[in-house]
């Protein structure tokens with residue numbers, strides 16, 4: 001009963017507008033005080049510090065730093081030009097370029113809002129100018145940006161991996177097939193709408209233009225190959241790969257493209273530090289909540305009560321998916337992961353779901369949550385750029401949300417979709 | 001931004017950016033030394049401590065910039081009086097949480113006595129964990145310095161999420177200075 005009241009108090013504090021990390025911390029402090037009196041506060045201070053010292057999470061600020069360097073060093077613009085030369089000739093090509101570019105970039109800075117603002121402010125006006133409906137432009141930008149969170153490097157996956165003690169490298173590999181499936185499905189959907197509504201091509205295909213764009217973007221294209229190849233090949237850990245990404249992006253930006261502007265870089269770095277701290281404070285606060293949950297054995301009791309209802313994996317996965325979907329609707333991604341992982345992991349182990357598959361499933365639920373109001377900051381940013389109404393854009397967005405949901409169902413019920421590539425590389 | 005808030009913002013920018021660069025350097029040194037066959041024994045521990053310092057000092061900067069994730073739908077959906085009442089409640093809880101964390105963080109420093117880091121024995125744990133009470137105080141101070149602006153927003157019904165979206169779009173669409 002006390003446990004339920006404490007968790008309820010946490011949701012009440014979130015509902016009234018307290019920052020989520022502070023609400024988690026507040027509820028956890030009440031909990032540890034109820035169990036151990038003021039000594040609980042000393043344990044809480046120890047736990048919050050230890051929670052922020054997780055070595056795998058060092059990858060988060062480093063990937064954010066690399067993203068800042070890529071965005072200010074001219075790498076992003078060259079990749080946009082390359083994707084445009086590659087697929088822009090197809091009907092509705094600009095929408096497909098949007099999907100392709102989002103898959104490369106979204107979530108790289110750690111702030112989904114900043115990334116969608118950066119990509120959307122270039123591509124949404126361009127799409128409107130070419131005759132795409134603003135609702136369609138906002139919907140494509142928003143949903144493809146959300147899909148990108150399962151494509152490495154993925155900050156939600158790093159978070160999940162560190163919290164659940166799951167290999168981050170294997171999570172990255174597991175996200176590739178569902179991510180590409182989703183990306184191609186969204187591009188196919190763009191093509192379908194383009195034919196149906198007679199949407200324009202970006203420009204005629206030109207081998208010379210493609211060659212020039214490829215040459216220009218060569219270093220930018222090699223960058224992910226080197227970094228992800230190093231991580232997947234076991235040469236470096238995810239954290240070290242993130243460190244290499246920083247060096248590579250810095251060298252390319254300074255010596256090859258020579259476009260790094262110190263002022264822009266400084267602001268991007270400060271924003272990156274702030275984003276890191278926002279996520280890490282959530283992680284640290286969740287360590288205090290974890291202290292309380294461990295003492296009360298609440299996750300284990302929840303797992304026992306769900307498995308007492310049914311031990312059917314399909315049914316349990318459906319219950320988990322529904323729960324995560326609703327959590328994703330009302331909480332931001334990082335907060336949703338941090339709150340649900342400690343609660344669900346005992347259940348995941350008990351019914352024999354592979355933690356890697358669960359990680360992809362959880363991240364896809366977060367992607368869906370970013371598209372569903374009331375808390376849908378990615379969608380709202382895209383709508384603001386396109387100057388469209390959120391609800392009407394959501395109606396246009398439904399087929400793209402459908403793609404995300406279809407990939408989620410595939411990942412949930414066909415484990416091979418996420419695990420086959422992991423097995424191929426590592427088993 | 002008030003003079004105090006601006007000064008605090010600049011100070012925290014300097015501290016967090018230094019820590020971030022130090023973290024990147026430490027990680028890269030760790031990789032380089034490992035491949036040269038001379039692994040650094042202090043690499044993991046120091047990098048983890050740097051991450052914790054970035055977390056807590058950065059949390060102060062995030063507080064100053066209203067960047068912590070939250071849900072304001074209910075608060076901004078209320079009439080003016082309700083918004084003011086909830087605002088007061090939220091501020092009181094916020095301050096109480098960090099006063100408790102600050103007190104707990106301060107109290108455990110005495111418990112560590114002469115404990116040091118394992119791989120860097122000349123650095124004491126009380127120095128390393130001292131960042132917690134200091135940051136808790138900075139977070140409370142940061143929250144207080146932004147209180148007048150946030151209160152004005154609450155009176156006007158201007159949701160901070162709306163402000164973030166507006167700021168990011170303004171920044172992304174701002175014309176860039178030509179490269180010299």
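The values are calculated or read from the model by the stated rules, or taken from the named source; none is laboratory data. None of the values given here were measured: they were computed from a predicted structure. Methodologically, a virtual Cβ is constructed for each residue, glycine included, from the backbone with ideal geometry; neighbour enumeration extends over all protein chains shown.
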**Q.** Test result for residue A:214, surrounded by 24 or more Cβ atoms within 10 Å (Cβ to Cβ) and in a helix (DSSP H, G or I)
**A.** no
(Q) If a residue counts only when it is facing chain A (nearest Cβ under 8 Å) and either in contact with a helix residue (DSSP H, G or I) (Cβ under 6 Å, 6 or more places away or on another chain) or more than 18 Å from residue A:24 (Cβ to Cβ) (or both), which helices (runs of 4 or more DSSP H) contained entirely in the stretch B:61-180 have at least 1 such residues? (A) B:73-77, B:80-112, B:125-129, B:131-145, B:160-173
Q. Restricted to the stretch A:381-402, and to residues that are touching a helix residue (DSSP H, G or I) at 6+ places or on another chain (Cβ under 6 Å) and without any contact (Cβ under 8 Å) to a residue 24 or more places away in the chain, which residue is surrounded by the fewest Cβ atoms within 10 Å (Cβ to Cβ)?
A. A:390
Q: List the number of the failed condition for residue B:100; all other conditions in (1) on the phi > 0 side of the Ramachandran plot; (2) buried (at least 19 other Cβ atoms within 10 Å of the Cβ) hold.
A: (1)
Q: Could you check how many residues of the stretch B:35-59 are part of a helix (DSSP H, G or I) and either touching a helix residue (DSSP H, G or I) at 6+ places or on another chain (Cβ under 8 Å) or closer than 19 Å to residue A:270 by Cβ (or both)?
A: 16
Q | Qualifying residues in the stretch A:1-35 (those that are free of Cβ contacts under 8 Å to residues at least 12 places away in the same chain, assigned to a helix (DSSP H, G or I) and in contact with a helix residue (DSSP H, G or I) (Cβ under 7 Å, 6 or more places away or on another chain)) - the one farthest from residue B:103 (Cα to Cα) | A | A:15
Q) How many of the residues making up the stretch A:307-337 are more than 30 Å from residue A:60 (Cα to Cα) and surrounded by 19 or more Cβ atoms within 10 Å (Cβ to Cβ)? A) 1
**Q.** Residues being farther than 17 Å from residue A:162 by Cα and either at pLDDT below 85 or surrounded by fewer than 24 Cβ atoms within 10 Å (Cβ to Cβ) (or both) - total across the stretch A:338-368
**A.** 6
Q | Per-region count, the stretch B:39-60, residues more than 8 Å from every other protein chain (Cβ to nearest Cβ) and farther than 17 Å from residue A:48 by Cβ | A | 7
Q) Can you tell me which residue in the stretch A:34-43 is surrounded by the most Cβ atoms within 10 Å (Cβ to Cβ), limited to those that are more than 7 Å from every other protein chain (Cβ to nearest Cβ) and under 17 Å from residue B:112 (Cβ atoms)? A) A:43
Q.
So residue A:234 passes all but one of these: (1) surrounded by fewer than 16 Cβ atoms within 10 Å (Cβ to Cβ); (2) over 30 Å from residue A:422 (Cβ atoms); (3) out of contact with any helix residue (DSSP H, G or I) (no Cβ under 6 Å at 6 or more places or on another chain). Which condition number does it fail?
A. (2)
Q | Yes/no for residue A:117 being within 14 Å of chain B (Cβ to nearest Cβ) and at pLDDT 85 or above | A | no
Q. Given the residues B:88, B:97, which is the only one that is free of Cβ contacts under 8 Å to residues at least 12 places away in the same chain and within 17 Å of the chain's Cα centre (by Cα)?
A. B:97
(Q) For the condition in a helix (DSSP H, G or I), facing chain B (nearest Cβ under 8 Å) and free of Cβ contacts under 8 Å to residues at least 12 places away in the same chain, what is the one hit in A:277, A:284? (A) A:277
Q: Please verify whether the stretch A:89-111 includes one or more residues that are touching a helix residue (DSSP H, G or I) at 6+ places or on another chain (Cβ under 6 Å) and at the interface with chain B (Cβ under 10 Å from one of its Cβ atoms).
A: yes
Q) Any idea which of A:272, A:290, A:263 is at pLDDT below 85, buried (at least 18 other Cβ atoms within 10 Å of the Cβ) and within 11 Å of chain B (Cβ to nearest Cβ)? A) A:272
Q | the stretch A:7-19: number of residues that are farther than 17 Å from residue B:56 by Cβ and facing chain B (nearest Cβ under 8 Å) | A | 6
Q) What tally of residues in the stretch A:230-260 results from selecting those that are assigned to a helix (DSSP H, G or I), more than 26 Å from residue B:132 (Cα to Cα) and within 8 Å of another protein chain (Cβ to nearest Cβ)? A) 6
Q: Looking only at the stretch A:44-79, count how many residues are in contact (Cβ under 8 Å) with a residue 24 or more places away in the chain, more than 8 Å from chain B (Cβ to nearest Cβ) and in a helix (DSSP H, G or I).
A: 19
Q | Whichever residue in the stretch A:369-398 is in a loop (DSSP other than H, G, I, E, B) and away from chain B (no Cβ under 14 Å) and, among such residues, is modelled with the highest pLDDT | A | A:371
**Q.** Condition met for residue A:245 (farther than 30 Å from residue B:63 by Cβ and buried (at least 19 other Cβ atoms within 10 Å of the Cβ))
**A.** no
Q. Here are some conditions: (1) surrounded by fewer than 24 Cβ atoms within 10 Å (Cβ to Cβ); (2) assigned to a helix (DSSP H, G or I). Residue A:159 meets all but one. Which one does it not meet?
A. (1)
